[in-house]
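The values are calculated or read from the model by the stated rules, or taken from the named source; none is laboratory data. Fair warning: this is a prediction, and the values are worked out from it, not measured in the lab. Neighbour counts run over all protein chains shown; Cβ positions are idealised from the backbone, glycine included.
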Amino acid sequence: DLLIEQSSRVRAGRSERESADGLLESPGGEPLTLRTQVVALRDRAGERLGLVYVTHDMTHVRGLEQDLQTAQEELQSLNLRMQSSNEELRASNEELETTNEELQSANEELQTTNEELQSTNEELETTNEELQSANSELDATNRELAHRTLEMDSLAFCQRTIIRTLSAAVLVLEGDGRITTWNLAAERLLGLTEREAVGQTLWSLHVPALKRALILKLRRHLQENRSLRLEGIPYQLPHGGKGSATMVATPLVTDTTVLGSIILFEDTTRATALLEENRKLKSRGKA
C-alpha cells in the first residue's frame, strides 16, 4: 500500500521522488529493513516516461544505528556516574582532615569509572568506524545507481529516437488509455501533434483520421486485455483524400498487472492500390 501511495504521488506530479522505509521478512525468517525510492523517469525534453523503483537493503545500516544509539545511551549513563563520582570526590576532599580512608575509596571509584569510560570510548570508536564503512558502501551504491540511471536515460532516449523515426504510427497508452508516446508518423497520419495528444486519453480525443466507432471498438478490446488486428481500414488522408491502413493493438500485461498497450497504425493505401491494379491486370489476362 505504501509503494502504491508513493507511485501515485510521483505519477500525479506532486513529487519527483518519494522514499520510505518498510519491514519485510526474509525466506530465512530474519526481518529486513528496506528503503524504497520511486523516481519519475524523464527524457531530455522533460517528458515523463515512467517510474523507476529502487530498493536498498538498510538492515545493516539500521542495525548500526541501533548499536550507536545504545552506545550513546551507555556513554550518557557513564557520564552521569562520572558526575556522581566527582561529587563524591569533592565531598571526600572536604572530609580529608577527618578520614583518609574515605578519600582512598573515592579515588578507587574514580579509577574504575575512568576505566569504564575508556572502554566505552573504544567501543564508540569501533562503532564509528563501522558506520563510516557503511557510509562508504552507501556512497558506492549511490554512484552505481547514478550510473545505472544515466544508462537507462540513454537507452530510453535511443528507444524514443527509434520510435519517432518509424514510418508506422506508434501509440503507447497507460492502463487508463492515457497517451505517453505519439511519434512523428502518428502526427503525419492521424492529424494531431504530439503536444496535442500526449497526456490525453485516446478515447476522449477527436482524431481527424479515425472514425469514432473504430476508437470505441479499440477501447473495448484493450479494456478486456484482448489484441485487435484490422486490415483495410478506411481513413482520411492528411491531404484530404481517402486511404486505407492496417492497425494492430496489443495489451502490455504481466501475470498480475496491466501496464498499458501499444498501437501500430500503418498506411497501406499504396500497397492496396498496387494489389488492386495487379488483380485487374490478372482479370484482363484471363479475359
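For a quick check of your reading: which strands (runs of 3 or more DSSP E) sit entirely within the range 5-63 and have at least 3 residues that are without any contact (Cβ under 8 Å) to a residue 40 or more places away in the chain, closer than 20 Å to R143 by Cα and of a type outside the set (D, E, K, R)?
Correct list: 31-42.
With the checklist (1) farther than 15 Å from E47 by Cα; (2) polar (S, T, N, Q); (3) modelled with pLDDT of 90 or more in hand, flag the one item T141 doesn't pass.
(3)
Can you tell me which residue among P208, P234 is touching a Leu at 6+ places or on another chain (Cβ under 8 Å) and more than 26 Å from G50 (Cβ to Cβ)?
Step by step, each of P208, P234 is checked, and only P208 is touching a Leu at 6+ places or on another chain (Cβ under 8 Å) and more than 26 Å from G50 (Cβ to Cβ).
Determine which single condition R229 fails, assuming it passes every other condition in (1) touching a Phe, Trp or Tyr at 6+ places or on another chain (Cβ under 9 Å); (2) not in a helix (DSSP H, G or I).
In the conditions (1) touching a Phe, Trp or Tyr at 6+ places or on another chain (Cβ under 9 Å); (2) not in a helix (DSSP H, G or I), R229 misses (1) alone.
Kindly indicate the residue of the range 1-59 that is touching a Pro at 6+ places or on another chain (Cβ under 9 Å) and of a type in the set (A, V, I, L, M) and also surrounded by the most Cβ atoms within 10 Å (Cβ to Cβ) among those meeting that condition.
Restricting to residues being touching a Pro at 6+ places or on another chain (Cβ under 9 Å) and of a type in the set (A, V, I, L, M), the top hit is L24.
Quick check on this structure: which one of L192, L210 is in contact with a Phe, Trp or Tyr (Cβ under 8 Å, 6 or more places away or on another chain), crowded, with 16+ Cβ neighbours inside 10 Å, in a loop (DSSP other than H, G, I, E, B) and touching a residue at least 24 places away in the same chain (Cβ under 8 Å)?
L210
When residues of the range 60-90 are filtered for being exposed (fewer than 13 other Cβ atoms within 10 Å of the Cβ) and not acidic (D, E), how many remain?
Going through the range 60-90 one residue at a time, the tally reaches 9.
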